[in-house]
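Novice: Below you'll find the structure I mean.
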Amino acid sequence: MSVWVVTIDGPAGVGKSTVARRLADDLGWSYLDTGAAYRLVTLAALDAGVSIEDEAALMETIRDLEARFETDGRVFLGAENVTSRIRSPEVTAAVPRVAARPGVRRLVVQNQRRFAARAGRVVAEGRDTGTVVFPDAAVKVYLDGDPEVRARRRQAQDGGLAALGTVLGDLQERDRLDSTRAVSPLACAEDAWRLDTTDLTLDEVTQAVRSHVRSRIPITLPGGS
Ligand code: DC
């Protein structure tokens, strides 16, 4: 069976996860949250007291990981469901430094390609899915948006507990780290369809992406819907 992948990349708070999840549901395809893998490695390293600056130890941690990524987005470490724990503030603060390590990325990307080969039909979202992980993807989408609007969405998603200025500052720092790192920085693939989400609701973004993807994927695709 040939592998079909749709990639959705973009910065934090742009709506990638929601849009990718809805699109995967709509198509009946698997959903791959590539950021979850970097979060999982970070969580495992913090739990084990491994320094996130020690690349060799991080790679060892990955090799020993008993990780399971369910196609519905749930993540397990051994028997433990860590879907919420990988989103803790400690993990969120540390993950850009882990994701910047070339050795870590090499191992994680290998696993992501294996996941796609097994699943066959995948909607993948992240920072480098269209540029590095799946350069031959059938459809590539890049979502962008004004940082302040993204910060407002993030703030609302998190229950509005943190001050907007703090959320915006954190988000801009993550944007900076993700887009200036030496390996696989956040970037729009040359052949990606770019959508500015600043003035759109999440429903409008979903609708626009869905129409774009639907127009490029054969309706009769075996295994699709
Ligand atoms: O999308 P997210 O917030 O769950 O991503 C977590 C971190 O992982 C963030 O710092 C960006 C990084 N990441 C990455 O480097 N490459 C990806 N394909 C996905 C996420």
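Novice: Over the Cα atoms, compute the radius of gyration (one decimal) and Dmax (the largest Cα-Cα distance, rounded to a whole number) for the stretch 3-70, in Å.
Specialist: 14.8, 41
Novice: Can you bin the stretch 111-225 into rounded, prolate or oblate? Criterion: square roots of the alpha carbon gyration tensor eigenvalues sorted a ≥ b ≥ c, rounded for a/c under 1.5, prolate for a/b above b/c, oblate for the rest.
Specialist: Here the stretch 111-225 falls in the prolate category.
Novice: Moving on. Hey, what's the chain come to in accessible area per residue, 1.4 Å probe, Å²?
Specialist: 48 Å²
Novice: For the chain, state the average projected area of the convex hull of the C-alpha atoms over all orientations, rounded to one decimal in nm².
Specialist: Orientation-averaged projected area of the Cα hull: 11.9 nm².
Novice: Can you compute the helix-only [θ] at 222 nm over the chain? Use -39500 (n - 2.57) per DSSP H run of at least 4 residues, normalise by all residues, nearest 500 deg cm²/dmol.
Specialist: Rounded to the nearest 500, it is -15500 deg cm²/dmol.
Novice: Moving to a separate point now. Can you run phi through the Karplus equation (6.51, -1.76, 1.60; θ = phi - 60°) for the stretch 91-97 and list ³J(HN,Hα) in whole Hz, with x for Gly and Pro?
Specialist: Going residue by residue, I get 5, 4, 6, 8, 4, x, 6 Hz, with x marking Gly and Pro.
Novice: Calculate the FRET efficiency for Leu177 and Ala57 from the Cβ-Cβ distance with a Förster distance of 22 Å, rounded to the nearest 0.05.
Specialist: Here the calculated transfer efficiency is 0.60.
Novice: Can you tell me, using C-alpha contacts under 8 Å and at least 6 residues apart, the relative contact order of the chain as a whole percent?
Specialist: Relative contact order here is 33 percent.
Novice: Out of the total accessible area of the chain (probe 1.4 Å, heavy atoms of protein only), what percent is carbon and sulfur?
Specialist: Exposed carbon and sulfur together represent 51 percent of the surface.
Novice: Same structure again: Rounded to the nearest 0.05, what FRET efficiency do Thr18 and Arg74 have when you use their Cβ-Cβ distance and R0 = 22 Å?
Specialist: The formula returns an efficiency of 0.85 here.
Novice: For a Förster distance of 30 Å, can you work out the FRET efficiency between the beta-carbons of Leu65 and Arg97, rounded to the nearest 0.05?
Specialist: So the FRET efficiency works out to roughly 0.95.
Novice: Quote the charge dipole size of the stretch 80-225 about the Cα centre in Debye, to the nearest 20; the model charges only the Cβ of Lys and Arg (+1) and of Asp and Glu (-1).
Specialist: 700 debye
Novice: Something else: In nm, give the distance between the simple-model label positions of Val3 and Arg113, each being 7 Å from the Cα along the Cα-to-Cβ direction.
Specialist: About 0.7 nm separates the two model spin labels.
Novice: Taking the highest mean first, how do the peptides 168-178, 14-24 order by number of other beta carbon atoms within 10 angstrom per residue?
Specialist: Packing proxy ranking, top to bottom: 14-24, 168-178.
Novice: Using the Karplus curve 6.51 cos²θ - 1.76 cosθ + 1.60 with θ = phi - 60°, work out ³J(HN,Hα) for each residue of the stretch 36-46 in order, rounded to whole Hz, and write x for Gly and Pro.
Specialist: Those phi angles translate into 4, 5, 5, 5, 5, 4, 5, 4, 4, 5, 4 Hz.
Novice: Still on this structure, please answer the following. Just to be sure I understand the model, the point goes 7 Å from the Cα along the line to the Cβ. What's the resulting Glu148 to Leu202 distance in nm?
Specialist: My value for the distance between the label points is 2.2 nm.
Novice: Could you tell me the convex hull volume per residue, in Å³, taken over the Cα atoms of the stretch 73-134?
Specialist: Looking at the stretch 73-134, the number lands at 109 Å³ per residue.
Novice: Related question: Give me the percent relative contact order of the stretch 1-72, please, defined on Cα pairs under 8 angstrom at least 6 residues apart.
Specialist: The value is 22 percent.
The values are calculated or read from the model by the stated rules, or taken from the named source; none is laboratory data. Here the structure is a predicted model, which is why all the values come from computation and not from measurement. So basically every Cβ, Gly included, is an ideal-geometry build from the backbone, and we count neighbours across all protein chains shown. Protein only, heavy atoms only, side chains kept; ligands, DNA and RNA dropped before computing areas. Shrake-Rupley method; radii C 1.70, N 1.55, O 1.52, S 1.80 Å.
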